[in-house]
1. Helix 260-273 versus the longest principal axis of the chain: what angle, 0 to 90°, nearest 10, using Cα atoms?
2. Over the Cα atoms of segment 78-231, what Rg and Dmax result, in angstrom?
3. Hey, could you get me the Stokes-Einstein D for the chain, Kirkwood radius over alpha-carbon pairs, 37 °C and 0.692 mPa s, rounded to whole µm² s⁻¹?
4. Over 31 Å between C-alpha atoms is what I'm after, so list which of K252/K313; K72/K184; K19/K135; K49/K96 land there.
5. Divide by every residue of the chain the summed helix terms, -39500 (n - 2.57) for each DSSP H run of at least 4, and state the resulting mean residue ellipticity at 222 nm, rounded to the nearest 500 deg cm²/dmol.
6. Could you run the Karplus curve 6.51 cos²θ - 1.76 cosθ + 1.60 with θ = phi - 60° over segment 277-282 and give me ³J(HN,Hα) per residue in whole Hz, x for Gly and Pro?
7. With a cap of 15 neighbouring Cβ atoms within 10 Å, and only residues DSSP puts in a loop, list the GluC sites (Glu not before Pro) found in segment 60-139.
8. What is the mean projected area of the alpha carbon convex hull for segment 1-84, to one decimal in square nanometres?
Amino acid sequence: PDDRAELTAQRGYAAYNEKNYENARALFEEALAIDKNNQAARDGINKLKSRDNRLRTLAEARTAMESGLYDKAQDLCDAIIKTYSASESRSARSLKEAIRVFQEAMIAYDAANWTDAVRILKQLVVDYPNLDEVKRRLTAAEAEYQAEQALIKAQDAASRGQIDISRGFIQMVPASSMYFIAAKELDSSLTWLGEVSDLLKSDRVADMKTVITALEGTGHPLEATGIDPVQLKDRVVQRLVEISTTKTEQAKLAMAKGDRRTAYQLFEDAIAANADNTEAAEGSQAIQKLVQQDCIALFKQAQREVSLGQRDKARAIYEDIIEKALPGDTFQRRAMQELGRTE
């Protein structure tokens, strides 16, 4: 029996050296079943238990690392290094170094320094291919790097006024990315910018002034685009000047046709678009003066007709005043009042 037990134990060691640990365990137990006092078999079982403890501690170190408990993970590795031989603690030494490098990677990761994070994590995957947490973090860092680059390109295209190209890059930022909100804000800004571009093709002076006010304030809609608000403001101002010039020319044509009311309104529109349009201001004042002179003369004529009892003629004159007077001025209101008295 002693010979059989010893032979079986030696077969167990052969299996152990071949890294067939379960077979080695079975052979050591078989040897002890033959001879419970076989020292070789007992040593073999203890060797396996020691290996199990080492692997369990190493697994705990990996778990601690994946949970961000780096000090605990390194302490567990140190415990293996102190307890076991250099060959047996090789994995622990390797993991300890991986933890140190992984900490560097996570510092870059938490700072959103994706270039360094990806570089370090990529090398870690090469050096320690069995660390799943490293692979997971690398995948996440690469995704954030791509999202960051897409946002940068979107902002660059937006600053050049390339809205469609910018939106193409925005679509490359996934909802899971930390840059998604910034991408959505940029998209909203581009929508607003598109509306402003359409506005500049119109004559909507009041809306253009609202845009100028928005661009002059803090937190303006262009902040996410990188576009200089001063440049856009200058474009809007230039468009207002163009509108003012056009309205002035139209007013002069209306005056040439004797249509004072239309000319006056066009001059006023020109002033609303550009308060510095002196030609429009002078034209408006000239019309007001002419209308005032005409209305005063007509009122005198109407009063004479009333004094002569010619109410129908007076009514006709008041109606003429209402038609010739500028909208909302005192002559128009007074003529309406006098017209009511002649009924």
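Here, each number is a calculation from the coordinates, and none is a lab measurement. From a predicted model like this one, the values you see are computed outputs, not experimental measurements. Cβ sites come from the backbone with ideal geometry, for glycine too, and all protein chains shown count toward neighbours.
1. Helix 260-273 sits roughly 30 degrees off the main axis of the chain.
2. Radius of gyration, then largest Cα-Cα span, for segment 78-231: 23.8, 86 Å.
3. Details: Rh = 29.2 Å.
Rounded to a whole number, D works out at 112 µm²/s.
4. On the way: K252/K313 33 Å; K72/K184 41 Å; K19/K135 27 Å; K49/K96 23 Å.
Correct reply: K252/K313; K72/K184.
5. Theoretical 222 nm ellipticity from helices: -27000 deg cm²/dmol.
6. Rounded to whole hertz, the list is 7, 5, 5, 5, 4, 5.
7. Numbers: sites: E60, E66, E88, E97, E104, E133; in loops: E88.
Answer by residue number: E88.
8. Dividing the Cα hull surface by four gives the mean projection, 5.9 nm².
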